[in-house]
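See below for the structure under consideration.
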Amino acid sequence: MDSFFLQQLFNGITLGAVYGLIAIGYTMVYGIIGMINFAHGEVYMISAYLCAIALALLSFFGLHSFPLLILGTLVFTIVVTGVYGWAIERIAYKPLRNSTRLAPLISAIGMSLILQNYAQISQGPRQQGIPTMLDGAIRFHIGESFVQMTYTKLFILVASLVGMLVLSWIISNTRLGRMCRAVQQDRKMASILGINTDRIISLVFMIGAAMAGLAGVLVTMNYGTFDFYAGFIIGIKAFTAAVLGGIGSLPGAMLGGLILGIAEAQFSGMVNSDYKDVFSFGLLVVILIFRPQGLLGRPVVTKV
């Protein structure tokens, strides 16, 4: 098999894992309240700045070991982005929960713009970055060429997989997960049965934001640069992945992210990277034409 194809396949799986992490936030919120959190991409962007701040603080206090640095950065970023998710739900969604479906959508777009400008004003408009944290790579020779897997991308892949597995286990096997599924299936009945639905909705926003925070740390480690506009494109891509897999389906978000990442990487390498976004959204259109509910989504049945 061609080494270039394998190299792009590995790059695509890594990229798709990140898309899947962010897509989880979109699909969980939609599954609970039936609405899209369009401020979710900006939570990812905030997490990139939080990653840099955490690394600077830990290094200032003399912590230079990679395992401790990355652990401290992940804990700090995930906790703070979780708080951002809670604040977004309380400010942009909860006051409008019983209003028309359009009002929360407009409110979320407004929150997205607020977070963008907040980051621009507080951190500056220029692109910022962090130094490389993990050097080195593994090379597999295939004939005269080779496939290279950097330690950073391997770490991203492992961390993404662990994050997805832990979240899947929580949703499938814990009391919190059962309450989340109950609220998703029938919010009114869940409330009658004693579940605090407002608290569950807030927790879902926090979990989704935490996944975006994890993705933000991993992507920042890989590329090293970010700015206040970083959340827009990757947020749209992750939303595409969520729709592709089936909005509202947790496995669908993961699958959609992997498919989108692999397809985008292969197209960039074999055709033209300038049109990879066109190809990604074209793939979404084709899937939705033949399967409107997404790959793992359930078809909507309208009762007459």
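The values are calculated or read from the model by the stated rules, or taken from the named source; none is laboratory data. Bear in mind that the values here come from a model prediction, so they are computed numbers and not experimental data. Glycine also receives a Cβ, built like all others from the backbone with ideal geometry; neighbour counts cover every protein chain displayed. The protein model used for the area step is the full one, side chains on, heavy atoms only, and it has no ligands, DNA or RNA in it. Shrake-Rupley method; radii C 1.70, N 1.55, O 1.52, S 1.80 Å.
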| Accessible area of ILE91, 1.4 Å probe, to the nearest 10 Å²? | 110
| query | What helices in the chain pass both tests, a Cα length along the helix axis of 27 Å or more and a mean Kyte hydropathy of 1.0 or higher, using whole DSSP H runs? | reply | 3-33, 40-60, 66-88, 151-173, 197-223, 250-270
| request: Taking the Cα atoms of segment 157-304, report the difference between the largest and smallest coordinate on each principal axis, in whole Å and largest first. | output: 55, 43, 27
| query | Using 7 Å Cα-to-Cβ label points, what is the SER273/SER168 separation (nm, one decimal)? | reply | 3.1
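Treating the beta-carbon of each Lys and Arg as +1 and of each Asp and Glu as -1, no other charges, what is the dipole magnitude of segment 175-304 about its Cα centre, to the nearest 20 debye?
760
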| Any idea of LEU134's accessible area? Nearest 10 Å², probe 1.4 Å. | 40
| field | Positive-pole candidate from MET189, VAL285, SER107, dipole of the chain, charges at beta carbon | value | MET189
| note | Once the dipole of the chain is set up from charges on Cβ (+1 Lys and Arg, -1 Asp and Glu), the residue from the list SER249, GLY41, PHE226 lying farthest towards its positive end is SER249
| query | Treating the beta-carbon of each Lys and Arg as +1 and of each Asp and Glu as -1, no other charges, what is the dipole magnitude of the chain about its Cα centre, to the nearest 20 debye? | reply | 1180
| request: Please work out how much accessible surface PHE76 shows to a 1.4 Å probe, ignoring ligands, DNA and RNA, in Å² rounded to 10. | output: 80
| request: Could you check how many percent of all C-alpha pairs in segment 56-165 are farther apart than 18 Å? | output: 71
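Counting only protein heavy atoms, what percent of the accessible surface of the chain is carbon or sulfur at a 1.4 Å probe?
On the way: 10260 of 15310 Å².
The computed percentage sits at 67.
Please work out the average accessible area per residue across the chain, using the 1.4 Å probe convention, and give it in Å².
Spelled out: the 1.4 Å probe surface of the chain, per residue, equals 50 Å².
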| task | Give me the distance between the Cα centres of segment 210-261 and segment 275-298, rounded to whole Å. | result | 16
| task | Label segment 109-192 by shape, choosing from rounded, prolate and oblate, from the square roots a ≥ b ≥ c of the eigenvalues of the Cα gyration tensor; if a/c is under 1.5 it is rounded, and otherwise prolate applies when a/b is larger than b/c, oblate when it is not. | result | oblate
| Between segment 89-154 and segment 184-199, what's the alpha-carbon centroid distance in Å? | 31
| task | Report the Stokes-Einstein translational diffusion coefficient (µm² s⁻¹, integer) for the chain, Rh taken as the Kirkwood radius over Cα pairs, at 10 °C with viscosity 1.306 mPa s. | result | 79
